[in-house]
Amino acid sequence: MAAKVSLKYYLLSTRTTKGELPIYLRITLDRKKAELHTGYVSTTKDWNQDEQLTKGNHLVNQELAKKKAKVYELIIDLEKKNKPVSAAILKELLTGKQKVNIGLLAYFQQHIDEIKIRNEIKKISLNKYHQSFKSLTEFLLKKYKSQDIYIDQVDYSFINAYDLFLKEEYDLHKNTINKYHSRLRTILLKALAEGHIFKQPYANFKLNTVKTDREFLSQEEIDLLLKLDISHNQSLDKVKDLFLFSVYTGLRFQDAQDLTMNNLSSYKNKPSVKFIQQKTSRAIEIPLLPQAKKIIDKYKGSPERKVLNKLLPKISNQKVNSYLKVIGDIAGIKRSITHHVARHTFATTICLNNNMPLEDVSMLLGHSSIKTTQIYGKITQERLFNSINKIKGK
């Protein structure tokens, strides 16, 4: 037994009932103490503090000896299972107040249900938690052949294996993987605070952010997509249209998916869409360029329009990005495309390359600060050379 523990019985003198005082057990481990009532009493006259026994009551002394033996048994058992040992944990085990072990996914779902009830986070953030839950479900089935595991089984090796799973099975970028880890870490910190686990599995796991340039398509690459005829494959064709719609509006995927006919508007007879951004809860109106209006008109007879009043077809975000890889290959676009590249393309190629002021781009993107927009203000080769040529001509 590695843990060195001190066990001491004493009478709690501040509490008395008919001259009898409760017998308490003090557990000291690593200089930390925990105290608990044994359920037995004695009088100061009968209590022998040196022997820690009560005179003339063999049965009580026998039970006190058993309780000490139980403490040592618990320590040996915890050490065998490679679980943390502390005075507080031993007290909880002795009093039966230790938290009932709960499954990781069960606890994760409980957290999702709680934030739904409290309405603490936006729908888009809640969806991210659902994505994390789904990824953990798939990970447990693949790695452990199990539908759930106890939350106290989550350790460094679990975190490391989950990281590899997200990289290999989901093909996610390092920074996106970090967001999945961040959500799981939030759950585990809550479990730690509530006593379901006794150490943080992420303590030694480093989440290093990778600096990346914001990818966007050039006008030539946009033209390749506009010319691409994949109407023979409805799924790919829908994804191409969803991507191009965001290229010409700057909308995030979920905002575009939420648009209905009720969001259509106009300003001075020019078509636009009015909506509340999910991520920022900001009200915004975006003028519709002819290319975006053409895509809306294309789906006027779609089931989504007829039944749900939606402007655009519905499809899952995960499928969108996998389909975009296929579309990019068919179109001959060398760079990797995700749906968010469309928003970057709108900011850079559609707006900034056409000399739109940064302040206007910021308004269209719904940014609360122009500093956020400046990230999108990357000078493309085309814009750079155009500027130089203008200077040359003077």
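FYI, it's all coordinate maths here, none of it is from the lab. As the structure is a prediction and not an experimental result, all values here were calculated from the model. As a convention, Cβ positions derive from the backbone with ideal geometry for all residues, glycine included, and neighbour counts pool all protein chains shown.
Would you mind working out the magnitude of the charge dipole of segment 119-274 relative to its Cα centre, with +1 at each Lys and Arg C-beta and -1 at each Asp and Glu C-beta, to the nearest 20 Debye?
On the way: 24 positive and 20 negative charges, 108 e Å.
It comes to approximately 520 debye.
LYS4 to ASP155: extension gain in nm, 0.36 nm per residue of separation minus the Cα-Cα distance?
Details: separation 151, 0.36 × 151 = 54.36 nm, distance 2.51 nm.
Gain on extension, LYS4 to ASP155, equals 51.9 nm.
If each of LEU141 and SER231 carries a label point 7 Å out from its Cα toward its Cβ, how far apart are those two points in nm?
Once both label points are built, they end up 3.8 nm from each other.
Using Cβ contacts closer than 10 Å as the measure, can you line up LYS91, LYS371, LYS167 from fewest to most?
Values: LYS91 18, LYS371 9, LYS167 13.
The order, fewest Cβ neighbours first, is LYS371, LYS167, LYS91.
If you take the beta carbon distance between VAL307 and ARG118 as r and set R0 to 25 Å, what does 1/(1 + (r/R0)^6) give as a FRET efficiency, to the nearest 0.05? Walk me through the numbers before you get to the answer.
Details: r = 32 Å, r/R0 = 1.28.
That pair, VAL307 with ARG118, gives E of 0.20.
Loop-only check: which GluC sites (Glu not before Pro) in segment 188-291 are DSSP coil with at most 12 other Cβ within 10 angstrom? Walk me through the intermediate numbers first.
Details: sites: GLU194, GLU215, GLU220, GLU221, GLU285; in loops: GLU194, GLU215.
Those that pass, being in a loop and sparsely packed, are GLU194.
Give me the log10 of I(q) over I(0) for the chain at q = 0.06, 0.11, 0.12 Å⁻¹, as the Debye formula computes it from C-alpha points; what are the numbers?
Calculated log10 I(q)/I(0) at the listed q: -0.43, -0.91, -1.02.
Sort VAL326, VAL307, VAL273, VAL320 by Cβ crowding within 10 Å, fewest neighbours at the top. Don't skip to the answer; put the middle values down first.
Details: VAL326 15, VAL307 8, VAL273 23, VAL320 18.
In increasing order of surrounding Cβ atoms, one gets VAL307, VAL326, VAL320, VAL273.
At 0.36 nm per residue, and after removing the present C-alpha to C-alpha distance, how many nm does the segment from LYS80 to GLU20 gain when stretched out fully?
Numbers: separation 60, 0.36 × 60 = 21.60 nm, distance 3.96 nm.
Stretched out fully, the LYS80 to GLU20 stretch lengthens by 17.6 nm.
Out of ILE121, ALA191, GLN153, whose Cα points farthest toward the positive end of the dipole of segment 104-193 (charges: +1 Lys, Arg; -1 Asp, Glu; placed on Cβ)?
ILE121
Quickly work out the THR95-to-SER182 label distance, labels modelled 7 Å from Cα along the C-beta direction, and quote it in nm with one decimal.
Going from the SER182 label point to the THR95 one covers 3.8 nm.
So what's the Cα pair-distance distribution over segment 5-95, bin width 10 Å, in %?
16, 47, 28, 8, 1
Based on the mean of other Cβ atoms within 10 Å per residue, sort peptides 77-85, 308-316 so the most packed one is first.
308-316, 77-85
In segment 138-173, whose amide N lies under 12 Å from the spot 7 Å out along Cα-to-Cβ of VAL210? List them in ranges.
What the label zone holds, given the 12 Å backbone N cut-off, is 167-168, 171-173.
Please give the FRET efficiency for LEU59 paired with LYS199, using the beta carbon to beta carbon distance and R0 = 30 Å, rounded to the nearest 0.05. Numbers along the way, then the final one.
Working: r = 40 Å, r/R0 = 1.33.
Once the sixth-power term is evaluated, E becomes 0.15.
What dipole magnitude, in Debye to the nearest 20, does segment 1-143 give about its Cα centre under +1 on Lys/Arg Cβ and -1 on Asp/Glu Cβ? The partial results should precede the final answer.
Details: 28 positive and 15 negative charges, 106 e Å.
Magnitude of the dipole: close to 500 debye.
Step through the table entries LYS128/LYS167; LYS143/LYS199; LYS145/LYS199; LYS268/LYS294; LYS174/LYS274; LYS83/LYS279, compare each Cα-Cα distance with 29 Å, and write down the pairs that go over it. Could you put the intermediate results ahead of the total?
Values: LYS128/LYS167 17 Å; LYS143/LYS199 23 Å; LYS145/LYS199 25 Å; LYS268/LYS294 19 Å; LYS174/LYS274 34 Å; LYS83/LYS279 41 Å.
Too far apart for the 29 Å limit: LYS174/LYS274; LYS83/LYS279.
Take the cross-link list LYS32/LYS67; LYS206/LYS371; LYS123/LYS300; LYS123/LYS270 and give me the ones stretching past 21 Å between alpha-carbons.
Beyond 21 Å: LYS206/LYS371; LYS123/LYS300; LYS123/LYS270.
Set the Förster distance to 41 Å, then compute FRET efficiency between ASP46 and GLN110 from the Cβ-Cβ distance, nearest 0.05. List each step's numbers first, then the result.
On the way: r = 49 Å, r/R0 = 1.20.
Using R0 = 41 Å, I get an efficiency of 0.25.
By count of other Cβ within 10 Å, fewest leading, how are ARG343, ARG26 ordered?
Numbers: ARG343 22, ARG26 14.
Going from sparsest to densest Cβ surroundings: ARG26, ARG343.
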